[in-house]
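The values are calculated or read from the model by the stated rules, or taken from the named source; none is laboratory data. Remember, it's a predicted structure, so these values are computed and weren't measured experimentally. Every residue, glycine among them, receives a Cβ derived from its backbone with ideal geometry; neighbour counts consider all protein chains shown. Ligands, DNA and RNA are excluded from the accessible area calculation, which covers all protein heavy atoms including side chains. Shrake-Rupley method; radii C 1.70, N 1.55, O 1.52, S 1.80 Å.
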Amino acid sequence: QVQFVESGGGLVQTGGSLRLSCVVSGATVRINSIGWFRQTPGKQRELVAVITIGSSVNYADSVKGRFTISRDNAKNTVYLQMNSLKPADTAVYYCQFAEGLSGYWGQGTQVTVSS
């Protein structure tokens, strides 16, 4: 059974930083493309960052230059370093397969950026 467990969210002021972690079990991050998504109430879930099998990374325009996705193959964990946070980044953040497959969503981790 594949599980994605997110952590590291919290309350931070504008301009602050947070590092999110996603521990994966039942799948190997090294051979899967993994994405970080976020969702706010009333809006569709948004893909913000992807790390591919070949370690290429891609970002949504809204986070480019501020967020960095990385992975630790030994720990089977994917990270999202978020810098220069803005109130618009406030959301619940999820990680899972980059395709966003149904049935694999975890609990997510809440990120709140105060102005």
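Here are the numbers for this structure:
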quantity	calculated
GNM top mover of ASN73, ASN32, ASN58 - the chain, alpha-carbon springs below 10 Å	ASN73
For the chain: relative contact order, % (alpha-carbon pairs under 8 angstrom, 6 or more apart)	37 percent
Dipole of the chain, positive end: most advanced residue of SER33, GLY8, GLN96 [Cβ charges, Cα centre]	GLY8
THR112-LEU47 FRET efficiency (beta carbon distance; Förster radius 22 Å; 0.05 resolution)	0.60
The chain, accessible surface, carbon-and-sulfur percent (1.4 angstrom probe)	48 percent
FRET efficiency, 1/(1 + (r/R0)^6) with R0 22 Å, evaluated for SER56 and VAL5 via beta carbons	0.35
Stokes-Einstein D in µm²/s, Kirkwood radius over Cα pairs - the range 7-58 at 37 °C with 0.692 mPa s viscosity	251 µm²/s
Cα centre as origin, Lys/Arg/Asp/Glu Cβ charges: the chain dipole, Debye	120 debye
Alpha-carbon centroids, the range 62-113 and the range 2-46: separation in whole Å	3 Å
Among LYS43, LYS75, LYS86: highest mean-square fluctuation, GNM of the chain, C-alpha pairs under 10 Å	LYS43
Cross-link partners of LYS64 among lysines (Cα-Cα below 22 Å; sequence separation of 8 or more within a chain)	LYS43, LYS86
Å² of accessible area per residue within the chain, as computed with a 1.4 Å probe and no ligands counted	52 Å²
Choice from SER17, SER102, SER70 with maximal GNM fluctuation in the chain (Cα, 10 Å cutoff)	SER102
